[in-house]
Amino acid sequence: MKMLLIPGAGAGREPWVNQTGYFVGSEAIALPGHPDGEPCTSVEDYADWLHGYIQKQYFKDIVLVGHSMGGGIALTYAVKYPKDLKALILVGSGARLRVHPDFLNNFKNMINDAAAYKAFIEDAYKWATPGFKARMIASRLKINPAVMYNDFLCCDKFDIMARVGEIKVPTLIIVGSNDEMTPPKYAHFLATKIEGAKEVVIPGGTHPVYGEKPAEVNKAIEDFLSGLK
């Protein structure tokens, strides 16, 4: 069994440090453009890129773990390439990831405003532990903000609500109770549409719950994996 962890919009491998350090042999994925290469222009294209990567590595019995946009990539992968997967773990994600036009416009202006972009990143991790927050800020600032804007556009176009019922692999859905970007109702929708899915709400967690409440998230994942046949 191989666990692959997919980041959210504009992120590299670093957000999953608390998971890769806990689950031996797991691997955090660096998507194209994050920071090397050119980013894909749709969630489906990211899923296809990931499929190519997995084929090249000859991985088998894959557990895909995706956060936010990464969850969208994982969902798309599960619909298109179900035979590759052992299980699916979705963290702070949804079957649709619409982004408000005002948010998109404001973020587009940050591409050429380094101070505003840094402030945005700092705010995103305001409830994380100081060490994790500092590491995330440093890593995110290495990725061009235009890549994050691209990813938000990918999220805005993403909509797999009509197809999530096709997913038959064992699925765990994790969400922070205080997640405003992908609120618990998104997780509940997934849990009701994916047969046999398990939903775990982490009290007090926000969107980057994997970094704010790593012990609770890791326990939920560990319990889920222990139940796989």
For A119, state whether it is farther than 26 Å from M3 by Cα and at pLDDT below 95. yes
With criteria (1) farther than 21 Å from H51 by Cα; (2) surrounded by fewer than 15 Cβ atoms within 10 Å (Cβ to Cβ); (3) free of Cβ contacts under 8 Å to residues at least 24 places away in the same chain, K83 comes up short on (1)
So for the range 40-61 (the condition being more than 21 Å from V169 (Cα to Cα), touching a residue at least 40 places away in the same chain (Cβ under 8 Å) and crowded, with 18+ Cβ neighbours inside 10 Å), does at least one residue qualify? yes
Unique residue being buried (at least 23 other Cβ atoms within 10 Å of the Cβ), in contact (Cβ under 8 Å) with a residue 12 or more places away in the chain and not polar (S, T, N, Q) when the list is A187, A191, A220, A146: A187
So which pairs qualify, if the first residue must be in the range 110-139 and surrounded by 15 or more Cβ atoms within 10 Å (Cβ to Cβ), the second must be among the basic types (K, R) and in a helix (DSSP H, G or I), the Cβ gap must be under 9 Å, and the two must be at least 6 apart or on different chains? Y117/R140; K118/R140; I121/R140; A124/R140; Y125/K133; Y125/R140; W127/K133; I137/K118
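Of everything in the range 15-29, what is farther than 19 Å from M181 by Cβ and of a type outside the set (G, A, S)? Give them in sequence order. Step through it out loud before you land on a result.
Looking only at the range 15-29, we keep the residues that are farther than 19 Å from M181 by Cβ, and these are 17-29.
Hits for the range 15-29 are V17, N18, Q19, T20, Y22, F23, V24, E27, I29.
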With respect to V201, determine if the residue is touching a residue at least 12 places away in the same chain (Cβ under 8 Å), assigned to a strand (DSSP E or B) and under 17 Å from the mean Cα position of the chain (by Cα). yes
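Which of the residues belonging to the range 82-116 are under 30 Å from F224 (Cα atoms), outside any helix (DSSP H, G or I) and touching a helix residue (DSSP H, G or I) at 6+ places or on another chain (Cβ under 7 Å)? I'd like the intermediate steps shown before the answer.
Here is the first cut: in the range 82-116, the ones under 30 Å from F224 (Cα atoms) are 82-98.
Then keep just the ones that are outside any helix (DSSP H, G or I); that gives 85-98.
Selection gives L85, L88, I89, L90, V91, G92, S93, G94, A95, L97, R98.
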Listed residues V17, V24; which is within 18 Å of the chain's Cα centre (by Cα) and either outside any loop (DSSP other than H, G, I, E, B) or surrounded by fewer than 18 Cβ atoms within 10 Å (Cβ to Cβ) (or both)? V17
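Search the range 62-74 for residues being closer than 14 Å to K157 by Cβ and not small (G, A, S), and hand back the single one that is surrounded by the fewest Cβ atoms within 10 Å (Cβ to Cβ). Show your work before the answer.
Step one: list which residues in the range 62-74 are closer than 14 Å to K157 by Cβ, which gives 69, 72-73.
So of that shortlist, the ones also not small (G, A, S) come out as 69, 73.
Values: M69: 26, I73: 30.
The residue in question is M69.
The values are calculated or read from the model by the stated rules, or taken from the named source; none is laboratory data. What you see is a predicted model, and the numbers here were worked out from it, not measured in a lab. In this analysis, Cβ positions are derived from the backbone assuming ideal geometry, glycine residues included, and neighbour counts consider all displayed protein chains.
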